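A quick write-up on the structure given underneath.
The values are calculated or read from the model by the stated rules, or taken from the named source; none is laboratory data. Because the structure is a prediction, the values reported are computed rather than measured. Note that each Cβ is placed from the backbone with ideal geometry, even for glycine, and that neighbours are counted across all protein chains shown.
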Amino acid sequence: MAIAFYMDQHVPRAITVGLRLREVDVLTAHEDDMSHLDDPELLDRASELERVLFTQDDDLLAEAASRQREGIPFRGLIYAHQLRVPIGTCIHGLEIIAKAGEPQGLINCVQFLPL
């Protein structure tokens with residue numbers, strides 16, 4: 001089963017478009033009318049939809065680490081630094097994860113790009 005992504009409001013549109021051109025299942029917080037949510041709520045929303053959250057927001061790393069320490073479940077988080085990881089590298093890495101990964105493999109985990 002392929003992994004579906006939930007993009008936070010800070011992810012460049014080019015990443016979302018690039019993934020969709022590669023037939024990866026992507027939903028943005030903006031499309032979901034949830035771009036106003038705070039980081040904990042955004043991670044909860046992605047989990048509620050059974051999607052892995054992709055972000056370039058450092059604060060979400062802290063939220064995920066806190067949940068790992070406290071045993072609070074989440075569907076998974078993938079992070080790429082917005083200045084150090086090019087858009088093409090994000091698209092390539094996310095496509096590999098979506099098509100080759102298993103959703104259960106990312107539960108309560110943080111994955112960093114590039115792979």
- Query: Checking Ala2 against (1) part of a loop (DSSP other than H, G, I, E, B); (2) closer than 24 Å to Thr89 by Cβ; (3) among the aliphatic types (A, V, I, L, M); (4) at pLDDT 95 or above, which single condition isn't satisfied?
  - Reply: (4)
- Just a yes or no: is a residue in the range 59-68 closer than 25 Å to Met1 by Cα and of a type outside the set (A, V, I, L, M, F, W, C)? yes
- Note on the structure: Checked the range 66-115 for anything under 20 Å from Arg22 (Cα atoms) and in a loop (DSSP other than H, G, I, E, B); matches are Ala80, Val85, Pro86, Gly101, Glu102, Leu113, Pro114, Leu115
- Of Leu83, Leu115, the only residue that is out of contact with any helix residue (DSSP H, G or I) (no Cβ under 9 Å at 6 or more places or on another chain) and either more than 21 Å from Glu50 (Cα to Cα) or without any contact (Cβ under 8 Å) to a residue 40 or more places away in the chain (or both) is Leu83
- Residue tally, condition surrounded by 13 or more Cβ atoms within 10 Å (Cβ to Cβ), of a type outside the set (A, V, I, L, M) and modelled with pLDDT of 95 or more, over the range 82-104: 5
- Note on the range 1-18: residues crowded, with 21+ Cβ neighbours inside 10 Å, farther than 13 Å from Ala80 by Cβ and not hydroxyl-bearing (Ser, Thr, Tyr) are Ile3
